[in-house]
1. I'd like the accessible area for residue 51, computed on protein heavy atoms only with a 1.4 Å probe and all protein chains in place. Round to 10 Å², please.
2. Principal axis lengths of region 10-56 from Cα atoms, whole Å, largest first?
3. For 19, 24, 34, what's the largest-to-smallest order of accessible area, 1.4 Å probe?
4. Order 33, 26, most accessible first, counting only protein heavy atoms with a 1.4 angstrom probe.
Amino acid sequence: MQENLRGCREQAALFGEITTVSFTIDELRLFLDTHPENREALALFNSNVKRRNELLRSYEEKYGPINAYSENPDGWSWNTAPMPWETEGNY
């Protein structure tokens, strides 16, 4: 039970990090819409997109697809992983 709870916390922490980086990307995208020549903002945007992709890959390797648009090279698996409401310690 304790290990299961720790796993839920790790999953929630990783999902939280993905959410934070995604928010940062959205904010930078809006800024770049009005400041397209800002190289520093563009560099931050690109580094955050790279980080988000790494986090998504890590999440999906550990916990399964994060959304229905995830790549599924081994077949359709969106409905095989437990949904958040099916895990102990709902977020």
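1. 100 Å²
2. Cα spread of region 10-56 along its principal axes, largest to smallest: 38, 15, 11 Å.
3. Highest to lowest solvent-accessible surface, that is 34, 19, 24.
4. Sorted by accessible area, descending: 33, 26.
The values are calculated or read from the model by the stated rules, or taken from the named source; none is laboratory data. Note that the structure is predicted; figures quoted are calculated from it, not measured. Accessible surface is based on the protein model in full, side chains and every heavy atom, while ligands, DNA and RNA are left aside. Shrake-Rupley method; radii C 1.70, N 1.55, O 1.52, S 1.80 Å.
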